[in-house]
1. What full-extension length gain, to one decimal in nm, is calculated for residue 552 and residue 110 as 0.36 nm per residue of separation minus the Cα-Cα distance?
2. Divide, for the stretch 46-189, the radius of gyration over alpha carbons by 2.2 N^0.38 Å, where N is the residue count.
3. Separation between the residue 167 and residue 193 pseudo-spin-labels, each 7 Å from Cα along Cα→Cβ, expressed in nm?
4. Size of the stretch 402-544 along its principal axes in angstrom, Cα-based, largest extent first?
5. Listing 225, 97 from the residue with the fewest other Cβ atoms within 10 Å to the one with the most, what is the order?
6. Pairing the Cα long axis of helix 71-90 with the longest principal axis of the chain, what angle in degrees results, from 0 to 90 and rounded to the nearest 10?
7. Sort 176, 424, 443 so the one with the fewest other Cβ atoms within 10 Å of its own Cβ comes first.
8. Roughly what % of Cα-Cα distances in the stretch 212-278 sit above 13 Å, to the whole percent?
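Every number here is computed from the coordinates shown, using simple stated rules; none is lab data. Note that the structure is a prediction, hence the values are computed from the model and not measured. Here Cβ is always computed from backbone atoms with ideal geometry, including for glycine, and neighbour counts include all displayed protein chains.
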């Protein structure tokens, strides 16, 4: 009997081992991972997986967020590490990474040299204020990484988000954006077939120097050109067009080319000024803002939007240096809120504007929507709720900035100033004589996307008195950098992103903060539970096991 039992036990053991081996062999052939979190924080987007699987060489990533940090930065550090672990798995170990502490160098001169090298390579530092052992400390950290692929490198900044949301929310937004920032850098380095973008000119659009930073930033991902519609017949070679502040009238022939480009699936990003005004034109007696006549109103109206001929004043606005009085014989120049420069910080629900920093606008107008069959109209950006609107012509005076604003008058917002249009666009020239007789014509062909922004200054970089071109979104007076460049890059990515990488920006991780007051009140209670309960459970388990064994064997 004993021999028979031992034989059965041995057989069961062998079968168990064989089953485990077989399961491991099968599992090694079929890779899968389970993410049981509610917001899928550990799930890599399908578009990211596809890009990682296509890598034909090693991507090496140096992350400089290493060291002792407060909980928020520790969470960001952990998110970066977890994301890179996933990248390594889905790329078949072609993504390799290393965490480096640039502050570990004890020699001050060498440490300063390292800091300068990182800054020159595009990794921007930030000051971290922390409370260590009851003392407030400040140290310099570099929340970024360098992504290297085939002897080319791209810097990545992880600390991003809307500064107005607060430090905790901004860190959470940075955690949400980790995957997108990393996969965008890898895409930039590994992309082979670059798409083509063209800035349209010939109607008084911005000159090269006015959009120099936009041009250079887009050139990292795309082939970028400048074209004149009256000199080109076929626009199909361009994947997207950018129209930035046309000041003169589009001819019907040029407008027809633009219409047919859109109808046939072309993507266009419109940055339009509805009225003509700029700071240089405002004199002592002010200036009159009058409407532009660019002959695009009927085209946009057919597609579903109308850029209104008005100007918005917003209490949430930027600054401009003005003479606020004289001290002796010298004028006193101070930065004054200029309500014609709204800071746009209210966004719609779309990956383009997800976790975006405020956008700096100048002399902006409102946008209305009209019925357009087959077109979905999504508002992307709004003014603040504290704004009012002046219909053109508008008398713009510097004295307005010196007056105290009455908040009760600024009650018209939030108002939409940027729209995304998506669908099958019907030609403006349907049932109308063609401006170019005999030209190929389509009433409706392919689905397309347009973005219409009612301010052209959003894409224009500031130019200093010395001719220096500032980065897009940088305000030379306040020294702040706004989200203008990020919006442009996100918008183009969204229009041209066939793989869906831009949707990675839609990732959302919910903050679930503890109730600080409740934590303080119940601290002792939970400390006792955590210390005593595990011990009691072990003692209870041991006692029950003892009596069960005694009961089982005492009959022998």
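1. Numbers: separation 442, 0.36 × 442 = 159.12 nm, distance 7.16 nm.
So the chain would gain 152.0 nm between residue 552 and residue 110.
2. Working: Rg = 15.7 Å, N = 144, 2.2 N^0.38 = 14.5 Å.
The value comes to 1.08.
3. 4.8
4. For the stretch 402-544, the Cα extents along the three principal axes come out at 97, 52, 39 Å.
5. On the way: 225 14, 97 19.
Ranking 225, 97 by Cβ neighbours within 10 Å, fewest first, gives 225, 97.
6. It is inclined by approximately 80 degrees.
7. Sorted ascending by nearby Cβ count, the order is 443, 424, 176.
8. Summing the P(r) tail past 13 Å for the stretch 212-278 gives 70 percent.
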